[in-house]
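Q: Before anything else, here's the structure in question.
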């Protein structure tokens, strides 16, 4: 059977969908054909509705499958409705349409109630989708396949999207076991325009060596997924087998294949939720990577309480370039009570220091606009970044993904706007969708956009940091702006930052600059080393790291 995937990835970060690549690989292994409509304005030309309709008519897929996050769902819903209207007008028999991904997994009944989809997938659907496609092709009953909410007979009744039928007729089938990563085929990277995506991402290439995370952070979907599988499978957290690992030898073979097909890949991003969760797996991968002779740096996700010294050493030895850490909030009260991230201030300080002693450039994720966070607590995030002097940090606006505990907290606090379609279409890197009142909304927006300036302004509270005096007047000016002044000033932030950073570089002042994208603050010793072609990690590692970083920054400044 032919399966057409649709990825409505418009007006957000351009990237690669691991889920779709894995689904396509499983289907292809079973003898099916797959194609992808990837809607992303950064990969022009974006297929038009007419072109998508023509593809459906001429390629004749036996099934159309959408995958989407919450902010992508409105676009998916609109396109699905357009396809149904066109098919009705033309007398064309539209194949079954299904939708899966994070948003349908979190709120499957809400998605099914839209009355557009024949099937809604929840959870990890490699095995389930393969079975659904097999049954559709064989003419067998398709409405009791695990992981899917399905209409009787596997087809949505006419008029369902107009409320013309009892929407409770659908059946929610329990999920099946998680797919076995040892048995799954390599992802179908060719489904995407991967060469062009890799080029646009400056050689950064995403891989996954594991699935699963032990934490129940309120803003994340993992707690909902774990509870769903525990309920449907009747097993404990340990019994559902959420944590799975791909053997190191298979990953090395996959990476060699990637480099053969996509030689522009120059940095691998291991997109595992928590690569350092299992020290044995992490060390096994690092040992195999170091022994492979593959000379490409990589990046991993870690946790301030999950960095075993043995793993740090292995990462350093294998060529890990960046260690990413979820800090999220500077206030320990907010981390513990609002986010359920149980880590102390000292945990953060110790882990950043330990990582950088091993030459691992650290990267912190932080959020602004959290429900239940006071004005002063928001400023604690600035303080923890300044005190740790972490290598870089990425600032995002809290997004209340439906189905998460974080969404429930935001709704209970009366912060979620009534216009949920607008909220769904917003990006967590552009601004907050929550309503804290005009004054606090303005402050949160300034904090999200100008975090590097505010951190620079506070560096001298913890370190010898001459750059602080350069940034303090500007940081205060931003905080004092009214809404109109800020609205006019906001588009100029990147240009002003570039000028100030150049002045700081000329003065040999360690500082953060907005680099690589609008929401990333990067420490100057790292980006100067990168620009000069000097290996930061080698020069920065060990107990003399501070001294070496300082001399490296000076040398890089001279070269650049």
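The values are calculated or read from the model by the stated rules, or taken from the named source; none is laboratory data. Please read these numbers as outputs of a predicted model, since none were measured by experiment. Don't worry about glycine lacking a Cβ; one is built from the backbone with ideal geometry, like all the others, and counts go over all protein chains shown.
Q: When residues of the range 103-123 are filtered for being surrounded by 22 or more Cβ atoms within 10 Å (Cβ to Cβ), in contact with a helix residue (DSSP H, G or I) (Cβ under 8 Å, 6 or more places away or on another chain) and in a helix (DSSP H, G or I), how many remain?
A: 5
Q: Output the number of residues of the range 124-157 satisfying the condition of being closer than 24 Å to residue 221 by Cα, assigned to a loop (DSSP other than H, G, I, E, B) and in contact with a helix residue (DSSP H, G or I) (Cβ under 6 Å, 6 or more places away or on another chain).
A: 3
Q: Say we look at the range 444-470 and pick out the residues that are farther than 18 Å from residue 390 by Cα and not assigned by TED's automatic domain parsing to the domain that holds residue 392; which of these is surrounded by the fewest Cβ atoms within 10 Å (Cβ to Cβ)?
A: Only one residue fits best here, namely 469.
Q: On to the next question. Residue 182: at pLDDT 95 or above, in a loop (DSSP other than H, G, I, E, B) and surrounded by 20 or more Cβ atoms within 10 Å (Cβ to Cβ), yes or no? Steps first, answer last, please.
A: Working: at pLDDT 95 or above: yes; in a loop (DSSP other than H, G, I, E, B): yes; surrounded by 20 or more Cβ atoms within 10 Å (Cβ to Cβ): no.
No, not satisfied.
Q: Provide a single number: the residues in the range 426-481 that are at pLDDT 95 or above, touching a strand residue (DSSP E or B) at 6+ places or on another chain (Cβ under 7 Å) and closer than 15 Å to residue 368 by Cα.
A: Looking only at that region, the number is 6.
Q: Which of the residues that make up the range 271-300 are closer than 12 Å to residue 206 by Cα and buried (at least 20 other Cβ atoms within 10 Å of the Cβ)?
A: Within the range 271-300, 272, 298, 299, 300 qualify.
Yes/no per residue for (1) closer than 27 Å to residue 68 by Cβ; (2) without any contact (Cβ under 8 Å) to a residue 40 or more places away in the chain; (3) over 23 Å from the mean Cα position of the chain (by Cα); (4) not in a helix (DSSP H, G or I):
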residue	(1), (2), (3), (4)
213	yes, no, no, yes
217	yes, no, no, yes
226	yes, yes, no, no
229	yes, no, no, no
242	yes, no, no, yes
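Q: Of the residues 211, 246, 261, which is surrounded by 15 or more Cβ atoms within 10 Å (Cβ to Cβ), farther than 30 Å from residue 408 by Cβ and assigned by TED's automatic domain parsing to the domain that holds residue 362? Step through it out loud before you land on a result.
A: Numbers: 211 fails: farther than 30 Å from residue 408 by Cβ; 261 fails: surrounded by 15 or more Cβ atoms within 10 Å (Cβ to Cβ).
Going through 211, 246, 261 in turn, just one is surrounded by 15 or more Cβ atoms within 10 Å (Cβ to Cβ), farther than 30 Å from residue 408 by Cβ and assigned by TED's automatic domain parsing to the domain that holds residue 362: 246.
Q: Here's something else I'd like to know. Residue under question is residue 521, and the condition is that it be crowded, with 22+ Cβ neighbours inside 10 Å, in the same structural domain as residue 363 (by TED's automatic domain parsing), at pLDDT 95 or above and outside any helix (DSSP H, G or I); does it hold?
A: On the way: crowded, with 22+ Cβ neighbours inside 10 Å: yes; in the same structural domain as residue 363 (by TED's automatic domain parsing): yes; at pLDDT 95 or above: yes; outside any helix (DSSP H, G or I): yes.
Here the answer is yes, as residue 521 does meet what is asked.
Q: Within the set of pairs 6+ apart or on separate chains, which have a first residue in the range 179-205 that is closer than 22 Å to residue 146 by Cβ, a second that is surrounded by fewer than 15 Cβ atoms within 10 Å (Cβ to Cβ), and C-beta atoms under 6 Å apart?
A: 185/29
Q: For the condition out of contact with any helix residue (DSSP H, G or I) (no Cβ under 6 Å at 6 or more places or on another chain) and in the same structural domain as residue 131 (by TED's automatic domain parsing), what is the one hit in 36, 23, 69, 77?
A: On the way: 36 fails: out of contact with any helix residue (DSSP H, G or I) (no Cβ under 6 Å at 6 or more places or on another chain); 23 fails: out of contact with any helix residue (DSSP H, G or I) (no Cβ under 6 Å at 6 or more places or on another chain); 69 fails: out of contact with any helix residue (DSSP H, G or I) (no Cβ under 6 Å at 6 or more places or on another chain).
Of the residues listed, the single one that is out of contact with any helix residue (DSSP H, G or I) (no Cβ under 6 Å at 6 or more places or on another chain) and in the same structural domain as residue 131 (by TED's automatic domain parsing) is 77.
Q: Quick check on the range 262-278. Is at least one of its residues part of a helix (DSSP H, G or I) and either on the phi < 0 side of the Ramachandran plot or out of contact with any strand residue (DSSP E or B) (no Cβ under 7 Å at 6 or more places or on another chain) (or both)? Explain how you work it out, then say what you get.
A: Of the residues in the range 262-278, the ones part of a helix (DSSP H, G or I) are none.
Among the residues of the range 262-278, not one is part of a helix (DSSP H, G or I) and either on the phi < 0 side of the Ramachandran plot or out of contact with any strand residue (DSSP E or B) (no Cβ under 7 Å at 6 or more places or on another chain) (or both), which makes the answer no.
Q: Enumerate the strands (runs of 3 or more DSSP E) found wholly within the range 1-82, keeping only those where 2 or more residues are buried (at least 23 other Cβ atoms within 10 Å of the Cβ) and in contact with a strand residue (DSSP E or B) (Cβ under 6 Å, 6 or more places away or on another chain).
A: Values: elements: 2-8, 33-39, 63-67.
The qualifying strands (runs of 3 or more DSSP E) are 2-8, 63-67.
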